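Laboratory data are not the source of any read-out in this text; all were calculated from the coordinates shown. Source: prediction; values computed, not measured. Using ideal geometry, Cβ is built from the backbone for each residue, glycine included, and neighbour counts are taken over all protein chains shown.
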2 protein chains.
Amino acid sequence: MRVTGNTRGSGAQRSVSIRDVATAAGVSHQTVSRVINGHPSVRASTRERVEAAIAELGFRRSATAHALASGRTRAVTVLTANTTHYGHAAILQGVEEAARAASFAVGISVLDSDDPRVVRDALDRATDAGGGLILIAYDRPGVRALHLAPEGVPLVAAVETPAAPPAAGSPWVWTDDRTAAREATEHLLALGHRTVHYLAIPSTTDSDGGAQRTAGWREALTRAGAVVPEPVEAGWTPAGGYAAGRRLTEDPAVTAVLCGNDDLAIGMLRALREAGREVPGDVSVAGFDDAPHSAFLTPALTTVRLDFTGVGRACFALLHGLVEQGDPISPHPVATPRLIVRESTGPAPGSR
Amino acid sequence: MRVTGNTRGSGAQRSVSIRDVATAAGVSHQTVSRVINGHPSVRASTRERVEAAIAELGFRRSATAHALASGRTRAVTVLTANTTHYGHAAILQGVEEAARAASFAVGISVLDSDDPRVVRDALDRATDAGGGLILIAYDRPGVRALHLAPEGVPLVAAVETPAAPPAAGSPWVWTDDRTAAREATEHLLALGHRTVHYLAIPSTTDSDGGAQRTAGWREALTRAGAVVPEPVEAGWTPAGGYAAGRRLTEDPAVTAVLCGNDDLAIGMLRALREAGREVPGDVSVAGFDDAPHSAFLTPALTTVRLDFTGVGRACFALLHGLVEQGDPISPHPVATPRLIVRESTGPAPGSR
DNA sequence: GACCCCTGTGTGACCGGTCACAATCCTGGC
DNA sequence: GCCAGGATTGTGACCGGTCACACAGGGGTC
C-alpha cells in the first residue's frame, strides 16, 4: 500500500461566532441565539435580518460551545463488542439513521473484551463524550458493561429477551427472540425430527436471565416431550460454527440443528458437507438473523429474521425521550421476528 | 444490585472541575491544568497532592471544555456509505482500534446516497463534530463526499487505487487492489480459461481514476491476449450479484467470473447453481475481500484477502499526524492483498 | 551583591455558546 | 391619558477548560 500527500495547506480560518453575526445584523448576541434556537418572541423583521447575516457569514453553531454552555450534548455513543457482525452493524445503522433524523451525532466505542478494566475504560470514554449511551448487550462484554455502567448517565440497552419483566426504569429494547427460537424449533419438530440440537452463541446468562434463545428452544422441546440435548456453545463466527459443528456431525442421531446466528449456520453447513451429510436430506439446519446473504447460500438458509435496524431506531428513540425532557419511557415497536423457511430445513430422514 | 469500585454513593450530577480539584489540593486551577497535561515544571510534591485530589474527587477532564478552549478536538468522524458491508465495517473497526489507542473518540456519519445535498449535509454534521474526517471513498457517495469536502478540515480518505499518483496534499490510503485484481485474473487464466468475466461493484470512475479493480482485471486479460468482455455492474449485495449472475449464466461461453466482492460472489454462486452449472466444474468464481464466512461457503470461495482493518488503522494514523502538529505524513504499512485459492476456482472445462 | 535565567506557581482573559434577569417598546383596558 | 403586562431585546455572568503573561525564589556568573 502507499500513502501520499503532505499537510493540506491553509486553514485555521477563525470560525464565525454568534457575536460576529450579531454585529453584522446590528443586534445583540443573545438575539442571534434566540433566532438559531427558534425562540418565538423575536420580531419577524429582526429574525430575517439575523438569518441573512447567518447565511452571508456562513455561520454554524459550534456544537462544542453549545454542549459546554447548555450541558446538553446532542450526541449518543454506541457501545458494542464488534462492528463487523451483521446484527451489531445493523443496529448501529439503525441508531445512526434515527440519530441523523434528530440531528444527533453518533459515536462508537468498542468493547474489546469483557475484562472489567477494559469495559470500564470504554464506558468512561463513552461518558466523556457527553450525551447518552446505547449499549448493545447481546454478548458478554455488553452485559458486563450494563452492570458496570455508571448511574446518572442516560443509557438504553439492546438486550436479549429478559426472563422476567425488567425493573421499571430500565430502558431496554429487545425483539422477542425467545418466541422466535421456540417457533424455529417447532418448525423443525413439525418436520418430524425427534429433537433439535442447538449450536449456541456464547451465553450471557446471568442474574438478568439472558440466553433466551436457548430458553425458547428448550421450551419448544419440552412442550413436545422431546429429549433436550446439551446446547453446544460455538461462539459467533463461521469458524466457531464449523468447529462445533464437526463434533455434532459425528453423532448420527443429529438430524436437526438450530444455530444461534447465521454465521454459525454457515459453519455448520460446511461441517455437514465435509462429513458427507446432505442438507436438508440428512440434517436440517436453521439460523438466526437473516443476514443479507443467507438467502443465497446453498442451500438457502431457513432462518429467523430479526429487525436489527428497528432495534437500533428504537434504542435511539428511547434515549432521545430520556434526554430531551423526562418523557416517560414509552415502549417502541420493533418488528416481530419472523421465521423464513427456505431450503436448509426439510422432513426428518425417516419420516417421509 | 451491587456497587463496585470506590465511588461513594453520591449521584453523579455536578461534575467536578479543575477549580474544585485546585481548592482541594490548595493550588491554583492552572496548576491542576498543568498536572493533567503532564507539564514538566511542577514540583513533584505538588503533583502528588493534585493527583491525590483528582483521585479523591473522581475528577475527569471535560472533553467538551477542553475542545472549546484548546480548539483541538480529540475525535475523528468516519464517513461511510454503509456500516453493514464487511469491508466498510472492518475499516471502521480498524479506525476505532487505532483511535482508542490514541484516546480519540470516533464518530460515524453515514452517507445515504450520493445526492449532493445529502452528502453535503453529512459532511457538515461531521465537520460540526470537530476533529478530523475519515472518508471511506470506495463508492459513489464516498467519492462525491471527497469532492465536496470543505478545505481546511483535516481529512484522510480510503480510496481505490488511484490511476495516477495522486496530487500532493491528498492524504489517501489504499491497498493495491489493482494488482490484486490482476493476480486473481491471472490465476483464472492460468487454469486454462479463455477469458474471465467481471461482475463489478458500482464504478466510481471519475476524474480521479477509480475502478482500479476493473483496470487490473482488464490489464491481465489484455496482457494474455484474451478477449475483454463487457464488465457487468452488479451493485454491492448478494441480491445484486444474483441478478447480474443470472444474466451471465445464460451465456455458455462464460467459464470464469471474477466478482467485485464476496457478497456478489455469493449471489453469483447461487445463480450458477440454479442454472445447474457446477462450480468449479463448469464455471470458476473468485471474489474479493475474504469476508469471514467466505472460507466456509460451498464451495469455499477463492478470493483476495484485503487488509481492511489495516486500512482503517492507517487512515487514523495519517489523520493523527495531520492533526497533532504537522508531522510529515508518513506512510503506514497495510498488508498487501493476497489471493487465497480455495474451492471455487478450477481448471477450465475443456482444458483437462 | 547585582543580574540573569530557570523553575514553579498564580492571575485573569478567552473559547462560543446559554442562562437569568433587567430594560425598553407597544398595545389594550379603563 | 395613564398604566399594567406581554413582547422584544440587551447585559453580563458562567460552563470548564487553555492560554499568555506576571511574579516569587533559587542558583550561577562575574
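For B:R247, inter-copy separations between label points set 7 Å beyond Cα along the Cβ vector come to 4.8 nm, shortest first. Dipole orientation for the protein assembly as shown: of the candidates B:T249, A:S33, A:W174, A:S33 has the Cα lying most toward the positive pole (charges on Cβ; Lys, Arg +1; Asp, Glu -1).
Given their separation in residues at 0.36 nm each and the Cα-Cα distance between them, B:V341 and B:Q30 gain 105.8 nm when the chain is fully extended. Using R0 = 30 Å, the C-beta based FRET efficiency linking B:S41 and B:S17 works out to 0.85.
When you restrict to C-alpha pairs under 8 Å that are six or more residues apart and normalise by the size of chain B, the relative contact order lands at 15 percent.
Label-point spacing for A:R194 across the identical copies (point 7 Å from Cα in the Cβ direction), in nm and ascending order: 5.4. In this structure the amide hydrogen of A:T73, modeled in the peptide plane, comes within under 5 Å of the amide hydrogens of A:G131, none closer than 5 places in sequence on its chain.
Counted by neighbouring Cβ atoms within 10 Å, the residues B:D112, A:D307, A:D139 run from fewest to most as B:D112, A:D307, A:D139. Quick one: net charge of A:A234's neighbours, Cβ under 10 Å, K/R +1, D/E -1? Here the count lands on -1. Along its first, second and third principal axes, ordered by size, chain A spans 87, 54, 39 Å in Cα coordinates.
Charges were assigned to the Cβ only: +1 to each Lys and Arg, -1 to each Asp and Glu. The resulting dipole of the protein assembly as shown about its Cα centre is roughly 1560 debye.
Between A:R43, A:R74, A:R273, the GNM of chain A built on Cα springs shorter than 10 angstrom shows A:R43 fluctuating the most. Distances from B:T222 to itself in the other copies, using label points 7 Å out along the Cα-Cβ axis, amount to 6.9 nm in increasing order. Taking every DSSP bridge with both residues inside chain A, close to 15 percent are antiparallel.
In order along the stretch A:26-32, phi translates into HN-Hα couplings of x, 9, 8, 4, 5, 5, 4 Hz, rounded to whole numbers, per the Karplus curve 6.51 cos²θ - 1.76 cosθ + 1.60 with θ = phi - 60° and x for Gly and Pro. Per-residue 3J(HN,Hα) values for the stretch B:297-306, derived from phi via the Karplus relation 6.51 cos²θ - 1.76 cosθ + 1.60 with θ = phi - 60°, read 5, 10, x, 4, 7, 6, 7, 9, 7, 10 Hz in sequence order (x marks Gly and Pro).
Other residues whose C-beta falls under 12 angstrom from the C-beta of B:T214 contribute a net charge of -1, scoring Lys and Arg +1 and Asp and Glu -1. Only helices enter the 222 nm calculation for chain A: every DSSP H run of n ≥ 4 contributes -39,500 (n - 2.57), and dividing by all residues gives -12500 deg cm²/dmol, rounded to 500. The angle between the Cα long axis of helix B:262-274 and the main principal axis of chain B comes to about 30°, on a 0 to 90 degree scale. Counting only DSSP beta bridges whose two residues both lie in the stretch B:177-305, roughly 10 percent are antiparallel. What you get for the stretch B:198-296, charging only the Cβ of Lys and Arg (+1) and of Asp and Glu (-1), is a dipole of about 200 debye around the Cα centre. Its Cα gyration tensor gives the stretch A:116-268 an equivalent ellipsoid. The semi-axes, each the square root of 5 times an eigenvalue, are 33, 18, 11 Å from largest down. Net charge in the neighbourhood of B:S294 (other residues with Cβ under 12 Å of its Cβ; Lys, Arg +1, Asp, Glu -1) is -3. So for the protein assembly as shown, what percent of the C-alpha to C-alpha distances run longer than 40 Å? Considering the protein assembly as shown, 38 percent of its Cα-Cα pairs are separated by more than 40 Å. In the elastic network of chain A, a GNM with C-alpha springs shorter than 10 Å, the most mobile of A:S41, A:S17, A:S109 is A:S41. Its Cα centre serving as origin, the stretch B:68-197 has a Cβ charge dipole (Lys and Arg +1, Asp and Glu -1) of approximately 140 debye. This ranking places B:F59, B:F308 by how few other beta-carbon atoms lie within 10 Å of each, fewest first, which gives B:F59, B:F308. For chain B, the longest principal axis of the C-alpha atoms and the axis of helix B:44-57 are separated by about 70°. Which residue fluctuates the most in chain A, going by a Gaussian network model with Cα springs under 10 Å, if the choices are A:G131, A:G267, A:G38? Greatest mean-square fluctuation among the candidates belongs to A:G38.
For the stretch A:313-324, the Karplus equation 6.51 cos²θ - 1.76 cosθ + 1.60, evaluated at θ = phi - 60°, returns couplings of 4, 5, 4, 5, 4, 4, 5, 4, x, 5, 8, 7 Hz by residue, with Gly and Pro reported as x.
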